[in-house]
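K.L.:
Here you go, one structure.
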Amino acid sequence: MKVLVVGGGGREHAIIKKLKENPSITEMYALPGNGGIASDATCVAIGAKDIPAIVAFAKEKAIDFAVVAPDDPLVLGAVDALNAEGIPCFGPTANAAIIEGSKVFSKNLMKKYNIPTASYEVFDCMEEALRYLESAPIPTVVKADGLALGKGVIIADTREEAMAAVRSMMQDKAFGESGSRIVIEEFLTGPEVSVLAFTDGNVVRPMVSSMDHKRALDRDQGLNTGGMGTVAPNPYYTEEVAEECMERIFLPTMHAMNAEGRTFRGCLYFGLMLTPNGPRVIEYNCRFGDPETQVVLPLMESDLLTVMQATANGTLADVEVKFSDKHACCVIVASKGYPAKYESGFEMELPADDADGFIYVAGAKRDGERLLSAGGRVLGVTAVKDTLEEAIRAAYARVGKVRFENGYCRSDIGARALQASKK
Ligand code: AMP
Ligand code: GLY
């Protein structure tokens, strides 16, 4: 079996390592991959958004199955293009990926099908948005409609901040065309939970829940990042909450997409907030989360390739999707300065993987035998143990064995989860 994974971050590294547990895979390619992924796959310098080049490569190598992991190629139709050439693929087609590609689409979908989310207004005229903000409840949340690398969301504590956010999106085009339409929504409170789920349009098979840590610094201070660490499972996500989410959110979302003629096949990511009034959808993503994948897949006991193929074929109901009851913690080591300005090119030495500890490389390149940092988030240092406390301790012990001068990490990944689990 020849398998191709589109993407080149820590998430893709975790997907590739998990896929490779299946012995029928004889060739594994990553486009573009990175210097760390190169230990597990043949990396080819084709950008994840270069769809014609991806398709040409897949045809040339007679790829048997492709996995498109990042949002951009999914929204741009990479799966449609590969399918059109007869290459089976894991991931939603473009008309379903819009669930992440457009916040306006996803908010309107939730409203139409009664899926619980923050109340909201949509604006494509800046003056109207500013007028609305004169009397809107504060704090409020301003979101750019389109993809904005996870940065198109501004929580405004004052009216002035909210207005400045609207101006930066709609007038100064801080997120390009993504900000020409915006959503202004109700500010919600409560613990956040990420749930990734396989769905083929017939059934939804949720994976183990997880908790992301989005801010750059300890105690949730500093700038928003792509994610500085994760733990799984998320202690706030009890069985009772899981049942409610399945009934009120997961299945209704799958049915809604079917009813719209946009059947979603792939990994649907539910970003949830457990508010005092029940679970609410904060966001949908059309793909595996990063760094959620780095704690979720190590806990998966079923064969990932089999589940992905069944998802693509519409036969997910026939396969088992099983997770262990262990705990995982992933600590992201980022370049100093990330998510603002940082430098790359620092040499790194990493401890070898063992049975319950691994490093997923998010940003690195090779220079002969040397591995050099490349990018903001560089490593996802992960441990799996019987308890959350042990998993956190083991992940940090492994971080201590990494040599990377220019690296920094948060020191409190999992601390809040641990506190919650002890209540
Ligand atoms: P997103 O990029 O949509 O995941 O938003 C980034 C972060 O902003 C989320 O993880 C939440 O912490 C926060 N956020 C988004 N929407 C809301 C909301 N309506 N109320 C409170 N916080 C929110
Ligand atoms: N960790 C959040 C995301 O993947 O969007």
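Laboratory data are not the source of any read-out in this text; all were calculated from the coordinates shown. Nothing here was measured: the structure is a model prediction, and the numbers come from that model. Here Cβ is always computed from backbone atoms with ideal geometry, including for glycine, and neighbour counts include all displayed protein chains.
K.L.:
Could you state the number of Å between the C-alpha centres of region 1-63 and region 289-331?
P.N.:
For region 289-331 versus region 1-63, the Cα centre distance is 18 Å.
K.L.:
Could you rank the peptides 206-213, 371-378, 189-196 by their average count of other C-beta atoms within 10 Å per residue, with the highest value first? Provide the component values of the computation, followed by the final result.
P.N.:
Working: 206-213: 23.8, 371-378: 22.2, 189-196: 20.0.
Result, highest mean Cβ count within 10 Å first: 206-213, 371-378, 189-196.
K.L.:
Please report the orientation-averaged projected area of the chain, defined via the convex hull of its C-alpha atoms, in nm².
P.N.:
Numbers: hull surface 77.6 nm².
That works out to 19.4 nm².
K.L.:
Might you report the magnitude of the Cβ-based charge dipole of the chain about its Cα centre, with Lys and Arg at +1 and Asp and Glu at -1, to the nearest 20 debye? Please report the intermediate quantities before stating the final value.
P.N.:
On the way: 45 positive and 57 negative charges, 96 e Å.
Here the size comes out at about 460 debye.
K.L.:
Here is a follow-up. Would you mind pulling out the separation of the Cα centroids of region 337-406 and region 92-118, in Å?
P.N.:
Centre-to-centre distance over Cα atoms comes out at 35 Å.
K.L.:
Mean residue ellipticity at 222 nm from the helices of the chain, using -39,500 (n - 2.57) per DSSP H segment of n ≥ 4 over the full residue count, to the nearest 500 deg cm²/dmol? Display every interim value, and only then the final one.
P.N.:
Values: 14 runs with 119 residues, N = 423.
Value at 222 nm, helices only, nearest 500: -8000 deg cm²/dmol.
K.L.:
Once whole DSSP H runs in the chain are found, which of them have Cα atoms spread over 15 Å or more along the helix axis and a mean Kyte-Doolittle score of at least -1.0? Walk me through the numbers on the way to the answer.
P.N.:
Working: long enough: 159-170 (16 Å, -0.12); 388-399 (16 Å, 0.20).
Correct list, ordered by number: 159-170, 388-399.
K.L.:
List the pairs from Lys385/Lys422; Lys111/Lys143; Lys18/Lys326; Lys341/Lys365; Lys20/Lys49; Lys336/Lys401 whose alpha-carbon separation is above 22 Å, in the order I gave them. Could you put the intermediate results ahead of the total?
P.N.:
Numbers: Lys385/Lys422 17 Å; Lys111/Lys143 17 Å; Lys18/Lys326 16 Å; Lys341/Lys365 19 Å; Lys20/Lys49 24 Å; Lys336/Lys401 18 Å.
The answer is Lys20/Lys49.
K.L.:
Place the peptides 247-260, 85-98 in order of packing, highest mean first, counting for every residue the other Cβ atoms within 10 Å and averaging per peptide. Show your work: numbers first, answer last.
P.N.:
Numbers: 247-260: 17.6, 85-98: 21.1.
Listed from highest to lowest mean packing, they are 85-98, 247-260.
K.L.:
To the nearest Å, what is the center-to-center distance of region 212-228 and region 124-158, using C-alpha atoms only?
P.N.:
Measuring centre to centre over Cα atoms gives 21 Å.
K.L.:
Shifting gears a bit: Using the per-residue mean of other Cβ atoms lying within 10 Å as a proxy for protection, in what order, highest first, do the peptides 114-126, 331-343 fall? If you can, show how the numbers build up before the last one.
P.N.:
Working: 114-126: 16.4, 331-343: 19.2.
Ranking, from highest mean packing down: 331-343, 114-126.
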